[in-house]
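Here, each number is a calculation from the coordinates, and none is a lab measurement. It should be emphasised that the depicted structure is a prediction, and the values quoted were computed from it without experimental measurement. Here the Cβ positions follow ideal geometry from the backbone for every residue, glycine too, while neighbour counts run over all protein chains shown.
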Amino acid sequence: MDQTGLPQDMRIRLGHALVEHIARVCEVRLLHIKGYSVDEGLYPAGRRSSDIDVLVHPSDVATLLVGLHSRGWNGVTGFKSGSLFQHAATLWHDSWGYVDVHREFPGVGVAPSEFFDELWRSRTTRPVAQMDCTVPAPHHQTLLIVLHAGRDPHRGASDVSHLREALPAEAWRRLQSDADRFGAGIAAAAATASLAEYEEHPEHDLWAAVSGGSTRMELLQARVRAAASVPGKIRVLTSALLPNRDHLRMALQREPRFADYMSEMSGRVEDVGSGIVTALRKQFRR
């Protein structure tokens, strides 16, 4: 619960400033991404943010998490439980709200450290709550907005539509070139309704599912098809059956008990079982 009494947008801006301060104290390489850290005009007017997003060099992630925990942020979801891409951990502070710590960015095909280093080399600063926060260069900010839109079926289309109108043709061509250079062409295609160009790509169905707001069964089947190996496919299917502790704790508003896990497991076996059979049939029919 908020303990400050401040409007949400003000709390989040102050949170950005505090996270920047922690990164400097801990000597962490960190870039503020999305939300209120983005340059003016890159989002549609009135676009609001509900959390703080930061991209951290993979080798600095553990140091930042220690710094955040020691200053009142508590874990909500870990990297493995946060999303199907396992890219970010979410923490909560009673005064400053949520922060998503990204160790990588979904859709990028190059190594996370290589991608971060490229963004870091051209970094700049932007004042947020009167703190100069470290952010990617404007052309990289636009790339991240588009790549995020590829997995946001709610606001992604309007974000991309706005950028198409706001950016000159040369900037839009550079964005597409950057996406290809970072192995993120299919994620950008998902955001720009161009997935037909990647119909033979092994992740085509996955990006079609996450960009289109698919059902849980459709997403499961797409994840199985996207997994590169048989062990990978088995891990996807297993994860669909095993209860997610972090999500269960959030739903219950307390630590789950053994009976809670058993109840959740029973429901998943019933609901997901038929979907697993369908996924396997489609996979091995190819």
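Would you mind computing, in nm to one decimal, how far apart the modelled labels at MET217 and SER113 are, each placed 7 Å from Cα along Cα→Cβ?
4.4
With only alpha-carbon pairs counted, each pair once and no self-pairs, how large is the Kirkwood hydrodynamic radius of the range 147-205 in angstroms? All intermediate terms of the calculation are to be shown ahead of the outcome.
Values: mean 1/r = 0.0850 Å⁻¹.
Kirkwood radius, the range 147-205: 11.8 Å.
Could you give each residue of the range 184-193 its phi-based ³J(HN,Hα) in whole Hz, using Karplus coefficients 6.51, -1.76, 1.60 with θ = phi - 60°, and x for Gly or Pro?
10, x, 6, 5, 5, 5, 4, 6, 10, 6
For GLN86 and SER70 in the same chain, what is the full-extension length gain: residue separation times 0.36 nm, less their Cα-Cα distance, in nm?
Details: separation 16, 0.36 × 16 = 5.76 nm, distance 2.36 nm.
Computed gain between GLN86 and SER70 is 3.4 nm.
Residue separation times 0.36 nm, minus the C-alpha to C-alpha distance between ALA228 and SER161: what's the value? Don't skip to the end; give the middle numbers.
Details: separation 67, 0.36 × 67 = 24.12 nm, distance 3.28 nm.
Length difference between fully extended and current span is 20.8 nm.
If amide H atoms are built 1.01 Å from N in the plane of the peptide, which residues on other chains or at least 5 residues away come under 5 Å of the amide H of THR125?
HN-HN under 5 Å from THR125: VAL135.
Could you work out the equivalent-ellipsoid semi-axes for the range 18-68, taking the square root of 5 times each eigenvalue of the Cα gyration tensor, largest first, in whole Å? Before the final figure, lay out the partial values.
Details: eigenvalues 123, 19, 16 Å².
With the √(5λ) rule applied to the range 18-68, the semi-axes are 25, 10, 9 Å.
Based on alpha-carbon centroids, what's the gap between the range 22-91 and the range 115-187 in Å, whole number please?
Between the Cα centre of the range 22-91 and that of the range 115-187, the gap is 16 Å.
Report the Cα-based extents of the range 89-140 along its three principal axes, largest first, to the nearest Å.
36, 25, 14
About its Cα centre, how strong a charge dipole does the range 1-45 have in debye, to the nearest 20, once Lys and Arg get +1 and Asp and Glu get -1 at the Cβ?
Working: 5 positive and 6 negative charges, 23 e Å.
For the range 1-45, the charge dipole is close to 100 debye.
Counting Lys +1, Arg +1, Asp -1, Glu -1, what net charge surrounds HIS57 among other residues with beta carbon under 13 Å of its beta carbon? Each step should come with its number before you reach the end.
Numbers: positive: ARG29, ARG103, ARG121, ARG123; negative: GLU27, ASP60, GLU104, GLU114, ASP117, GLU118.
Charge balance in the 13 Å sphere: -2.
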